[in-house]
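What follows is one structure encoded as structure tokens, with my remarks underneath.
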Amino acid sequence: MDLLVGLVLGLLCMGMVGWMAVHLVNTDQIDAKRVGLATPVEVLPAGVRALHMTIGASGTLSSLNTISMTARVSSLVTSVPVDLGDVVRKGDLLAGLDDRIFVAGVEAARVASDHDDKQVVRMETLEERGYGAATDTETARQTATAARQVVVQSEIDLGNTKIVAPVGSVVLTRTVNPGEITSIGEEVFELGPIEQVYMVAAVPTDKTGFVTLGMGADVEIDSFPGEIFKGVVVKIDAVASVTTRTFSAYIRINNSDLRLRPGVTGYARLERSHSTLAVPSVAILNPVGDQATVFIVDGENRARIREVRPGLMADGMTEILDGVQEGDRVVTVGQLELHDGDKVTINRAGPWNR
């Protein structure tokens, strides 16, 4: 009996040792190669996946454009109710000019126009009765037309005695004061429109290829903690800064309530999401070098090296723009010891490894 027990135990030990040897060469690449067995690897199929990427960038708000407000008439300045840095809404008064001469001018022009209109009627009546010439009637019509144009210009000049903001803006410069007399064409204010402001975000140059026009952005402004402002990328600088290694992306933000001011700092998160062919990032060899590569396993269970062109990287996955097709079995574990043409065995076969 003892002999039988010893024999059984011996066989079990031999079986265990054999199983351990097989397991070892099936999981350790170096040992597998030593005994001439296929190299053990793990794979995942290349597939279309939704990748989402967030790019962070700090920046400063700007109005980008300015508006030069000039005097359209020459008159005495009677009031200037705004100062530097003031925020004004569309239609707000910036400066008032003495309008008495212009009011009188409108009244005189209207009287003259009314007289000329009546003269046209009189000449047409005389012509119909045979007492007037057609040339006289036409002259009267031309005179009446010119008089109406004078009325229009007089009304425009009267309107120009009030200099108003054309859009919601911040006052950048003011060069006029009460008691001065304006000159036609003289710049009296410079405004920075802020109904839409722009976050000039400094994006790292290694993200250049991932920032595109129309991308959405969540912007946090330092002076409004906890509040998110929605924006859209509308412009991207073509040249990056050599000093900071960043390029500027301009994010437009609606600011109809005029709360946001140029010069305020903040932080933007640019969001990009799209469906694309992707593989696990760990599968890519030399991902940032001259030539990125992956190993795929062909139908004969041999490793084949492929040059690839990687794109967006997010969530542990990398977009593949060229070099791999959907369904290719890409080696994710064990690729560091592989050579092109090596025989492989796939470990941990699962739904995605078969």
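The values are calculated or read from the model by the stated rules, or taken from the named source; none is laboratory data. Keep in mind the model is a prediction, meaning the values are calculated, not measured. Glycine gets a Cβ as well: all are built from the backbone with ideal geometry, and neighbour counts include every protein chain shown. With ligands, DNA and RNA removed, areas are computed over all heavy atoms of the protein, side chains included. Shrake-Rupley method; radii C 1.70, N 1.55, O 1.52, S 1.80 Å.
Starting from residues that are touching a helix residue (DSSP H, G or I) at 6+ places or on another chain (Cβ under 7 Å) and in a strand (DSSP E or B), keep the ones in segment 329-350 and report whichever is surrounded by the fewest Cβ atoms within 10 Å (Cβ to Cβ). Going through the qualifying residues, I end up with T345. Here L76 fulfils each of the conditions (1) touching an Asp or Glu at 6+ places or on another chain (Cβ under 9 Å); (2) at pLDDT below 90 apart from (2). For segment 213-231, the candidate set comprises residues that are within 8 Å of the chain's Cα centre (by Cα) and open to solvent by less than 60 Å² (accessible area, probe 1.4 Å); within that set, the residue that is nearest to E319 (Cα to Cα) is M215. Just to verify a result, which residue in segment 203-212, among those that are open to solvent by less than 40 Å² (accessible area, probe 1.4 Å) and not in a loop (DSSP other than H, G, I, E, B), is farthest from V171 (Cα to Cα)? Result: F210.
Among the conditions (1) open to solvent by less than 60 Å² (accessible area, probe 1.4 Å); (2) without any contact (Cβ under 8 Å) to a residue 12 or more places away in the chain; (3) assigned to a helix (DSSP H, G or I), the only one that V121 does not satisfy is (1). In segment 131-156, which residues are under 30 Å from P193 (Cα atoms) and crowded, with 19+ Cβ neighbours inside 10 Å? Passing the criteria: only S154. Applying the criterion of at least 3 residues that are out of contact with any Gly (no Cβ under 7 Å at 6 or more places or on another chain) and buried (at least 16 other Cβ atoms within 10 Å of the Cβ) to the strands (runs of 3 or more DSSP E) found wholly in segment 54-117 leaves 93-97. Scanning segment 133-192 for residues being of a type in the set (D, E), within 16 Å of T70 (Cβ to Cβ) and part of a helix (DSSP H, G or I) gives a total of 1.
If you go through segment 127-180 and keep only what is closer than 19 Å to S79 by Cβ and of a type in the set (A, V, I, L, M), you end up with L158, I163, V164, A165, V171, V176. Evaluate the following for T244: is it in a loop (DSSP other than H, G, I, E, B), farther than 30 Å from T70 by Cβ, within 14 Å of the chain's Cα centre (by Cα) and at pLDDT below 95? Spelling it out, it is not the case that T244 is in a loop (DSSP other than H, G, I, E, B), farther than 30 Å from T70 by Cβ, within 14 Å of the chain's Cα centre (by Cα) and at pLDDT below 95. Taken over segment 233-246, residues that are closer than 21 Å to G263 by Cβ and open to solvent by less than 60 Å² (accessible area, probe 1.4 Å) amount to 5.
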